[in-house]
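S.K.: My structure is below; once you've seen it, I'll send some questions.
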Amino acid sequence: SQQGEEDPQALSIQEGENATMNCSYKTSINNLQWYRQNSGRGLVHLILIRSNEREKHSGRLRVTLDTSKKSSSLLITASRAADTASYFCATTNAGGTSYGKLTFGQGTILTVHP
Amino acid sequence: DVKVTQSSRYLVKRTGEKVFLECVQDMDHENMFWYRQDPGLGLRLIYFSYDVKMKEKGDIPEGYSVSREKKERFSLILESASTNQTSMYLCASSLARREETQYFGPGTRLLVL
């Protein structure tokens with residue numbers, strides 16, 4: 001079942017602007033990840049944030065996690081045309097033997113215009 | 001770098017055919033996964049495997065089976081392909097049982113006529 005819901009479904013910005021995408025989920029999690037997918041290709045892992053972390057940075061990426069609101073956001077700063085892609089959040093549920101199973105959101109399509 | 005390869009990028013099959021999608025990873029990962037991706041529905045887990053010859057159903061296993069005879073290879077089988085199985089199929093692997101980061105193959109776009 002799809003746990004994550006992402007907002008907005010589509011985002012169009014100009015190069016140099018910041019892009020913010022949000023993800024909400026329903027159950028308790030161990031961690032939340034963000035992946036990128038270029039058109040017609042596989043997914044690429046971007047960043048992982050654990051349930052006891054509130055913020056994480058990686059290059060131009062900043063991820064926040066609010067477990068009380070069951071939500072996360074991904075901020076891409078100083079966007080580039082090459083950032084054009086779909087972005088997915090994915091969660092690992094807390095408890096049990098998950099074998100690393102992920103539950104994906106439906107994704108945000110980001111278009112960065114040169 | 002982890003490399004996950006899938007046997008075909010594009011595949012066209014006819015209704016009722018038996019279809020094999022192959023996935024190979026070269027980093028000795030324990031876990032392997034098969035997803036399908038459809039517009040508006042995101043990625044949905046079909047089957048996964050955490051060890052050789054072990055398999056677990058995902059969220060949408062109906063109409064599919066899998067095989068993992070060797071650690072590096074995970075096959076998805078459509079026993080009798082139907083038009084509603086037209087989709088993008090993505091294979092992924094992760095290092096160990098509780099390792100969460102997954103590495104994806106490039107995908108196979110399957111069209112069933």
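The values are calculated or read from the model by the stated rules, or taken from the named source; none is laboratory data. Bear in mind that the values here come from a model prediction, so they are computed numbers and not experimental data. Here the Cβ positions follow ideal geometry from the backbone for every residue, glycine too, while neighbour counts run over all protein chains shown.
S.K.: Would you please name the residue that is farthest from B:L41 (Cα to Cα), looking only at residues in the stretch B:84-113 that are among the hydroxyl-bearing types (S, T, Y) and in a loop (DSSP other than H, G, I, E, B)?
M.R.: This residue is B:T101.
S.K.: Can you name the residue in the stretch A:78-95 that is within 21 Å of A:L65 (Cβ to Cβ) and of a type in the set (V, I, T) and is also farthest from the chain's Cα centre (by Cα) among such residues?
M.R.: A:T92
S.K.: Right, another one. Just checking: which of the strands (runs of 3 or more DSSP E) contained wholly in the stretch A:1-64 hold 2 or more residues that are touching a Leu at 6+ places or on another chain (Cβ under 9 Å)?
M.R.: Answer list for the stretch A:1-64: A:10-14, A:19-24, A:29-37, A:43-50, A:55-58.
S.K.: When you scan the stretch B:48-78, how many residues do you find that are hydroxyl-bearing (S, T, Y), touching a Lys or Arg at 6+ places or on another chain (Cβ under 6 Å) and at pLDDT 95 or above?
M.R.: Adding up the residues that qualify gives 0.
S.K.: Here is a further query. The conditions are (1) over 17 Å from B:Y10 (Cα atoms); (2) surrounded by fewer than 21 Cβ atoms within 10 Å (Cβ to Cβ); (3) without any contact (Cβ under 8 Å) to a residue 60 or more places away in the chain, and B:I46 fails exactly one of them. Which is it?
M.R.: Failed condition: (2).
S.K.: Here's another thing I want to ask about it. Going residue by residue through the stretch A:25-39, is there one that turns out to be under 30 Å from B:T108 (Cβ atoms), of a type in the set (S, T, Y) and in contact with a strand residue (DSSP E or B) (Cβ under 7 Å, 6 or more places away or on another chain)?
M.R.: Within the stretch A:25-39, one or more residues are under 30 Å from B:T108 (Cβ atoms), of a type in the set (S, T, Y) and in contact with a strand residue (DSSP E or B) (Cβ under 7 Å, 6 or more places away or on another chain).
Results for (1) within 25 Å of B:Y35 (Cβ to Cβ); (2) in contact with an Asp or Glu (Cβ under 7 Å, 6 or more places away or on another chain); (3) aliphatic (A, V, I, L, M), shown as yes or no for each residue.
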position: A:N31; (1), (2), (3): yes, yes, no
position: A:Y35; (1), (2), (3): yes, no, no
position: A:R41; (1), (2), (3): yes, no, no
position: A:G59; (1), (2), (3): no, no, no
position: A:A78; (1), (2), (3): no, no, yes
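S.K.: While we're on this one: So is A:L46 within 11 Å of chain B (Cβ to nearest Cβ) and modelled with pLDDT of 95 or more or not?
M.R.: Criteria met by A:L46.
S.K.: Restricting to the stretch B:84-102, what's the tally of residues that are within 7 Å of chain A (Cβ to nearest Cβ) and within 12 Å of B:V4 (Cα to Cα)?
M.R.: Residues of the stretch B:84-102 that are within 7 Å of chain A (Cβ to nearest Cβ), as a first pass: B:90, B:94, B:97-102.
Okay, now just the ones that are also within 12 Å of B:V4 (Cα to Cα), so B:90, B:94, B:102.
Qualifying residue count, the stretch B:84-102: 3.
S.K.: Would you point out the residue of the stretch A:4-32, among those that are crowded, with 16+ Cβ neighbours inside 10 Å and more than 13 Å from the chain's Cα centre (by Cα), that is nearest to the other protein chains (Cβ to nearest Cβ)?
M.R.: Selected residue: A:N30.
S.K.: Does the stretch B:23-45 include one or more residues that are within 14 Å of another protein chain (Cβ to nearest Cβ), farther than 21 Å from A:I47 by Cα and β-branched (V, I, T)?
M.R.: yes
S.K.: Could you please find all residues in the stretch A:33-55 being buried (at least 17 other Cβ atoms within 10 Å of the Cβ), more than 16 Å from A:D83 (Cα to Cα) and without any contact (Cβ under 8 Å) to a residue 60 or more places away in the chain?
M.R.: A:L48, A:I49
S.K.: So which of B:V19, B:V4 ends up being surrounded by 14 or more Cβ atoms within 10 Å (Cβ to Cβ) and away from every other protein chain (no Cβ under 11 Å)?
M.R.: Working: B:V4 fails: away from every other protein chain (no Cβ under 11 Å).
Going through B:V19, B:V4 in turn, the sole match is B:V19.
S.K.: Something else now. All but one of (1) more than 14 Å from every other protein chain (Cβ to nearest Cβ); (2) aliphatic (A, V, I, L, M); (3) assigned to a loop (DSSP other than H, G, I, E, B); (4) under 14 Å from the mean Cα position of the chain (by Cα) hold for B:A81; state the number of the condition that does not hold.
M.R.: So the condition that B:A81 fails would be (4).
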